[in-house]
1. Could you grab me the full set of residues in the stretch 84-100 that are among the hydrophobic types (A, V, I, L, M, F, W, C) and in a strand (DSSP E or B)?
2. Please enumerate the residues belonging to the stretch 48-67 that are farther than 27 Å from residue 127 by Cα and buried (at least 22 other Cβ atoms within 10 Å of the Cβ).
3. Just need a number here: residues in the stretch 130-171 that are open to solvent by less than 20 Å² (accessible area, probe 1.4 Å), under 17 Å from residue 200 (Cβ atoms) and not in a loop (DSSP other than H, G, I, E, B).
4. Of everything in the stretch 101-126, what is buried (at least 24 other Cβ atoms within 10 Å of the Cβ) and either in contact (Cβ under 8 Å) with a residue 60 or more places away in the chain or assigned to a strand (DSSP E or B) (or both)? Give them in sequence order.
5. From the residues in the stretch 220-265 that are in contact with a Ser or Thr (Cβ under 7 Å, 6 or more places away or on another chain) and open to solvent by less than 10 Å² (accessible area, probe 1.4 Å), which one is farthest from residue 204 (Cα to Cα)?
6. Of these, 32, 28, 77, 83, which one is open to solvent by less than 20 Å² (accessible area, probe 1.4 Å) and at negative phi?
7. Do the conditions hold for residue 111, that is, is it over 19 Å from residue 46 (Cβ atoms) and not polar (S, T, N, Q)?
8. For the structure I just gave you, tell me whether residue 57 is part of a helix (DSSP H, G or I) and either touching a Pro at 6+ places or on another chain (Cβ under 9 Å) or at pLDDT 95 or above (or both).
Amino acid sequence: MADFQKLFAVRKPIIGMIHLPALPGTAAGRQARFRDLVDYACSELDALQRGGVDGVIVENFWDLPYFPAETPAVTIASLAAVAGAVIQRASIPVGVNILYADCRGELAVARAVGAAFIRSEVFVDPSISETGLIPASAPYLVRERAALAAEEVAILSDVQGKNTTPRWQRPIIESAVDAEKRGLADAVVVTGAGTGKSASLEDLVQVKSAISVPLIVGSGVIPAALADILPVCDGAIVGSYFKQGGKIQAPTDVERVKELMAAAKRAR
């Protein structure tokens, strides 16, 4: 297992999102060009770093509709190329995510370009999305990480994550314990029901009491909530709030990043 907390220079890191435009291989990405994608990703990185975030995730957010599991080779190649350029420019840890849940693709990208961590939306508990069944990735991902000699790449495991529904209902605390004890995740991520929706503080408290790996809140984070969230959690992933006007399709707003990071500093 990797040590997620040692990746960052601070306790309770705030991780910003680089939501890439549609990549080649998608309907919206037919005209996508490598240089434009890199310029956009590096501009977002620069804004997030100026605002003071502690890490970033490069994600194919606009590759709609998402594949429920394995993605085409062109997606993996495109993400690797762009993420590699981001990593060369970044002074903070960089993670990668392929939506919905091509975790083996994520790991391949991370190993190839030197990313610090990946995020698995469906690590345990096979789930249903609007485009199909997403299998649990834990047994494949942990073995492949060892086979690729990529043990330094941390695995962040969502449990009962946003925009998906587990095939069977059970307490989130059970999913979190399984993610750590049986799946061997390096950190657990708890989200709200969808993008930009807040996680339940009650869920966060319950999960934190049951696991020993770091707990990350993964959606709906705003400055006013950090005083309650950070005493419970070991970090947060922030996407929507950092955008201009809080609109997911907008570029990152440095002032909004600074505002949230100031609140995080007070709450740590």
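1. Residues of the stretch 84-100 among the hydrophobic types (A, V, I, L, M, F, W, C): 85-87, 90, 92, 94, 96, 98-99.
Across the stretch 84-100, the qualifying residues are 94, 96.
2. Filtering the stretch 48-67 down to residues farther than 27 Å from residue 127 by Cα leaves 48-55.
Hits for the stretch 48-67 are 48, 53, 54, 55.
3. 2
4. Once the filter is applied, which keeps residues that are buried (at least 24 other Cβ atoms within 10 Å of the Cβ) and either in contact (Cβ under 8 Å) with a residue 60 or more places away in the chain or assigned to a strand (DSSP E or B) (or both), the stretch 101-126 yields 117, 118, 119, 120, 123.
5. Among them, the one singled out is 243.
6. 83
7. Values: over 19 Å from residue 46 (Cβ atoms): yes; not polar (S, T, N, Q): yes.
When the stated conditions are applied, residue 111 passes them.
8. Details: part of a helix (DSSP H, G or I): no; either touching a Pro at 6+ places or on another chain (Cβ under 9 Å) or at pLDDT 95 or above (or both): yes.
So residue 57 fails the test.
The values are calculated or read from the model by the stated rules, or taken from the named source; none is laboratory data. Only a predicted model underlies this, so the values are computations on that prediction, with no experimental measurement involved. All Cβ positions, glycine included, derive from the backbone under ideal geometry; neighbour counts span all protein chains shown. With ligands, DNA and RNA removed, areas are computed over all heavy atoms of the protein, side chains included. Shrake-Rupley method; radii C 1.70, N 1.55, O 1.52, S 1.80 Å.
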